[in-house]
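Enquirer: I have a structure I would like to understand better, so I am pasting it below and will then ask my questions one at a time.
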Amino acid sequence: MKVVTFVTEGSLYVKEVEKLQVSCDALGYTLEIRQYPDRGNWTANTCIKATALREALAEYKCDILYVDADAVIKEPVDSMWDKEFDIAVHYLERMTLLSGTIFLRNNARTRILLLAWEAACLREGYTQPDQGVLQRIIQEEGTDLGIRLLNIDYKYTKIFDLGDTKPAIEHHQLSRVVRMNEPRCVTPIQQFRQNVLRERYGNIVEQRQDGAYFLKRRHSLAESFLDKHYRRNGRDLLWFPIALPAKPLVDLPITDHVYMIGKGPSLDNITRHHLAMRSVSRTGSSDLVVCLNESIHAIEAIQPNNPLLAVQQDMCLLGKCRPLYSPILIHEQLRNWYSDVQERYEFKPVRGAVTAVHTILILKSLGVRSITLLAFDALLERGASTEYAKVIGHGPGTNPDRFAQQKNAILEALTGVQYSVSPVFPLNNPGVSL
């Protein structure tokens, strides 16, 4: 057996993987760290996993244990190889494949599966996280390929802050930091254009808070490039992205009851279980989950079955609230940051109103009857907190009075609908469904 992982050049994982190396050395395991160029964003980089493992199986003649670079191996795992399987992974809550730990037999069936996984990632333009693609490929092609799939115990892919299971392999979720700090801005073609601007004309081109580009001085080549790919503002040295049309608000996937997610400390505790407590939508489907600002990243990471909607009003966040796969409702002046998003909805904000108030008023106007507020810790009667969740990456609220003022405005906006402000407690056993 060989332990394999990968890192992207210049990323935080290059330093983090040193902990994995120490844990492997302590257990006498050989660790192969494969390094690849950065593909521009976290989602695209996860898809390197399929390539790294395909190449590793072709290069080595032994079975492989893959673990993410931010993991550590706590105890020997050799007994796993006594079981019959081609690929062994854990399905969280028996539904969601987690690809942070993968045991792979080095045989023809597994190699063909990895080829199919890599090809599917490429077909989708590296826009979907690797583990969702792998789960779909196993579902669609696993039987035909004769794949022997084993659902391993959670202890082999234990997330450090989820559950009380004693870990054999523990994952530290560095992705939470990486995903919160990256620009999350664009499709591959837009990423290419931004790279050109940065690399060729970075000393004279800047991007404004509203997402528009401007030149500090005239430059014929830079102007020609910008004229070709963006919309110029008259004769000014100012260009705007060419935006896809926004969809009308009436097309939002509204349900009678919605969950609204804030950024308080209890956001760190939310799992898909918390979003499956009720289903009272008109269609009988799971209730809509509306995520304010950066909370969309935490909720998409747990991959709930619910439909999701991201909401951003704060101009200071620029394009940092871009969802991986969910529609987004934005302040109309943020359009340039999300010009390529097909499922984009826009609203004109009321001066002085916070994001939560705007969201509630819009939901009410579209017929929502009840709202459950989660991770709104500042609104709790007991244990109220004005701090942010760790996953958000902010410091504590700088002015507690500001949260008190928001509380009154939010409660006033909720007039006319049923609502509850619920604390979010950790679920100790992620393998047990509620």
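The values are calculated or read from the model by the stated rules, or taken from the named source; none is laboratory data. The structure presented is a predicted model; accordingly, all values stated were derived computationally and were not measured. When we count neighbours, we look across all protein chains shown, and the Cβ atoms used for this are built from the backbone with ideal geometry, even at glycine.
Enquirer: Across segment 128-147, which residue is nearest to GLU170 (Cα to Cα) among those that are touching a strand residue (DSSP E or B) at 6+ places or on another chain (Cβ under 7 Å) and assigned to a helix (DSSP H, G or I)?
Expert: That would be GLN131.
Enquirer: Out of the residues in segment 337-361 that are out of contact with any Lys or Arg (no Cβ under 9 Å at 6 or more places or on another chain) and basic (Lys, Arg), which is farthest from LEU249 (Cα to Cα)?
Expert: ARG351
Enquirer: Separate question: Restricting to segment 218-254, and then to whatever is modelled with pLDDT of 90 or more and basic (Lys, Arg), can you tell me which residue is surrounded by the fewest Cβ atoms within 10 Å (Cβ to Cβ)?
Expert: ARG218
Enquirer: Which one of these does LEU221 not meet: (1) in the same structural domain as LEU414 (by TED's automatic domain parsing); (2) among the aliphatic types (A, V, I, L, M); (3) out of contact with any strand residue (DSSP E or B) (no Cβ under 7 Å at 6 or more places or on another chain)?
Expert: With respect to (1) in the same structural domain as LEU414 (by TED's automatic domain parsing); (2) among the aliphatic types (A, V, I, L, M); (3) out of contact with any strand residue (DSSP E or B) (no Cβ under 7 Å at 6 or more places or on another chain), LEU221 is out only on (1).
Enquirer: I'd like to know if segment 86-96 contains one or more residues that are aromatic (Phe, Trp, Tyr), under 20 Å from MET1 (Cα atoms), in contact (Cβ under 8 Å) with a residue 24 or more places away in the chain and assigned by TED's automatic domain parsing to the domain that holds VAL14.
Expert: Within segment 86-96, not a single residue is aromatic (Phe, Trp, Tyr), under 20 Å from MET1 (Cα atoms), in contact (Cβ under 8 Å) with a residue 24 or more places away in the chain and assigned by TED's automatic domain parsing to the domain that holds VAL14.
Enquirer: Can I ask one more? Give segment 120-148 a look and list any residue that's more than 22 Å from the chain's Cα centre (by Cα) and among the small types (Gly, Ala, Ser), or say none.
Expert: The answer is GLY142, GLY146.
Enquirer: Across segment 292-317, what is the total count of residues that are in contact (Cβ under 8 Å) with a residue 40 or more places away in the chain and crowded, with 19+ Cβ neighbours inside 10 Å?
Expert: 13
Enquirer: If ARG282 meets every condition in (1) under 14 Å from ILE328 (Cα atoms); (2) at pLDDT below 90 apart from one, which number is that one?
Expert: Exception for ARG282: condition (1).
Enquirer: Let me ask something additional. Within segment 148-161, count every residue that is at pLDDT below 95 and in a helix (DSSP H, G or I).
Expert: So the answer is 2.
Enquirer: Right, next: Out of segment 318-366, which residues are charged (D, E, K, R), assigned to a loop (DSSP other than H, G, I, E, B) and either buried (at least 20 other Cβ atoms within 10 Å of the Cβ) or touching a helix residue (DSSP H, G or I) at 6+ places or on another chain (Cβ under 8 Å) (or both)?
Expert: LYS320, ARG322, ASP340, LYS348
Enquirer: Residues that are touching a helix residue (DSSP H, G or I) at 6+ places or on another chain (Cβ under 7 Å) and not β-branched (Val, Ile, Thr), at least 2 per element: which helices (runs of 4 or more DSSP H) completely within segment 17-127 meet that?
Expert: Because the criterion is at least 2 residues that are touching a helix residue (DSSP H, G or I) at 6+ places or on another chain (Cβ under 7 Å) and not β-branched (Val, Ile, Thr), the helices (runs of 4 or more DSSP H) in segment 17-127 that meet it are 48-59, 108-123.
Here is a yes/no grid of residues against (1) surrounded by fewer than 21 Cβ atoms within 10 Å (Cβ to Cβ); (2) touching a residue at least 60 places away in the same chain (Cβ under 8 Å):
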{"position": "CYS47", "(1), (2)": "no, yes"}
{"position": "ALA58", "(1), (2)": "yes, no"}
{"position": "ALA69", "(1), (2)": "no, yes"}
{"position": "LEU104", "(1), (2)": "no, no"}
{"position": "ALA108", "(1), (2)": "yes, no"}
{"position": "GLU124", "(1), (2)": "yes, no"}
{"position": "ILE147", "(1), (2)": "yes, yes"}
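Enquirer: Could you list, in sequence order, all residues of segment 321-377 that are closer than 19 Å to ASP210 by Cα, among the charged types (D, E, K, R) and within 24 Å of the chain's Cα centre (by Cα)?
Expert: ARG322, GLU332, ARG335, ASP340, ARG344, GLU346
Enquirer: Given the condition farther than 25 Å from ARG369 by Cα and either of a type in the set (Ser, Thr, Tyr) or in the same structural domain as LYS407 (by TED's automatic domain parsing) (or both), answer yes or no: does some residue in segment 266-288 qualify?
Expert: Yes, because at least one residue in segment 266-288 is farther than 25 Å from ARG369 by Cα and either of a type in the set (Ser, Thr, Tyr) or in the same structural domain as LYS407 (by TED's automatic domain parsing) (or both).
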